[in-house]
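Each remark here refers to the structure printed beneath this line.
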Amino acid sequence: MNRLFRDVGGGPRCPHGSVVCIGAFDGLHLGHQALVRHAVSRARALDLPALALSFEPLPRELFARGAPPPRLLGPRAKVLGLCGLGADRVGLLRFRKAMAALDAGEFVERILVEHLRVREVWTGPGFGFGKGRGGNLELLQRMGRELGAAGQGFTAGEIDTVTLEGERISATRIRELLQAGEFGHAARLLGRPYSISGKVVHGARLGRTLGYPTANLRLHGRAPLSGIFATRVHGIDGSRVRCAYPGYGGGSGDGQAGWPSVASLGTRPTVDGGEPLLEVHLFDFDGDLYGRRIEVEFVGKLRDEVRFDSLPALVEQMHDDSARARALLSQQPNRVPA
């Protein structure tokens, strides 16, 4: 994580110049990948560092009057994925009131020019930034020309809209597909299977007493799906999960195919769980995963989360869920992380 920076105080981070791409990068789908790879290619051509610039929290999370759209990707996985795509440094700028109050011109001068010494800026189509989203590609290009007289000029451009089989790729569309249980379609737009990674934490140990011990991951923020799923788990050998989204040259780090499993993602209404939790039962596994960072790959949805009248009724359903998950997983190819 030594390539990550959160603030823009102090002297210039890239005194000899940089190539910057900017975006929310939620999901790091094929469109985001195209943007980052283009910026990295330009940086290599100019012999400059490539910087991926984003925000934490995401601006929509600060401004949302109700619940913001659920995230596809947590901050840690985003940083690892951006680095795996070739970014030399990643900025997750702290998006608070002071940052939100910066108008577009101030953002360009203070952050892009003074701190990052930008030589090229690349965005996705229709990108807006600054107070009230007052900044756009036209403003970037104009300021880049105007600052040239002071030796601080830069160029700006946007990549073309990325589509797959005629469909525009967006985080909104991927969230819709995940909520509908269309994991194959979502995976094609993401460029990899959808997964959630995190550190295994202690739970109430109820699953163990019911014959279904689970590895539990806390969800920081809303997840884009809920229910009972057929899953595969990567990273259980204890090696570091380097990137929750294989295909970037990172991979899960375990060098093994995923372990077949069944998972529950939600609030566990039968036991009044309350806090959303991802609970994963690994088939035929005997080991201690507490404190390890694992990646849970979602393969198929089995059903919605429901409340049962008794624990025996819940256990009977768990038997059925496990049998259906095993059958579904036996029919689906098992990916081996890069």
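The values are calculated or read from the model by the stated rules, or taken from the named source; none is laboratory data. Everything numeric in this text was worked out from a predicted model, so none of it was measured. Here Cβ is always computed from backbone atoms with ideal geometry, including for glycine, and neighbour counts include all displayed protein chains.
Remark: pairs (first residue in the range 102-113, more than 15 Å from L53 (Cβ to Cβ) and in the same structural domain as P12 (by TED's automatic domain parsing); second residue part of a helix (DSSP H, G or I) and β-branched (V, I, T); Cβ separation under 9 Å; 6+ apart in sequence or on different chains) are absent. Restricting attention to the range 299-337, the residues being surrounded by 15 or more Cβ atoms within 10 Å (Cβ to Cβ), small (G, A, S) and assigned to a helix (DSSP H, G or I) number 2.
If only residues of the range 37-89 that are part of a loop (DSSP other than H, G, I, E, B), over 17 Å from L116 (Cβ atoms) and charged (D, E, K, R) are counted, the one that is nearest to the chain's Cα centre (by Cα) is R71. Taking the condition at positive phi, surrounded by 13 or more Cβ atoms within 10 Å (Cβ to Cβ) and in the same structural domain as L35 (by TED's automatic domain parsing), does G130 pass? For G130, the condition - at positive phi, surrounded by 13 or more Cβ atoms within 10 Å (Cβ to Cβ) and in the same structural domain as L35 (by TED's automatic domain parsing) - is met. Across the range 24-83, the qualifying residues are those that are charged (D, E, K, R) and over 26 Å from P12 (Cα atoms), and the one among them that is surrounded by the fewest Cβ atoms within 10 Å (Cβ to Cβ) is R65. Each residue in the range 145-181 was checked for being in a loop (DSSP other than H, G, I, E, B) and surrounded by 14 or more Cβ atoms within 10 Å (Cβ to Cβ), and 8 of them qualify.
When the range 194-223 is filtered for residues that are farther than 14 Å from I294 by Cβ and surrounded by 22 or more Cβ atoms within 10 Å (Cβ to Cβ), only Y194 remains. Set side by side, the residues R44, R71 differ, and just one is in the same structural domain as V118 (by TED's automatic domain parsing), out of contact with any strand residue (DSSP E or B) (no Cβ under 8 Å at 6 or more places or on another chain) and basic (K, R), which is R71. Could we say that V8 is of a type in the set (V, I, T), surrounded by fewer than 22 Cβ atoms within 10 Å (Cβ to Cβ) and out of contact with any Asp or Glu (no Cβ under 7 Å at 6 or more places or on another chain) here? So V8 passes the test.
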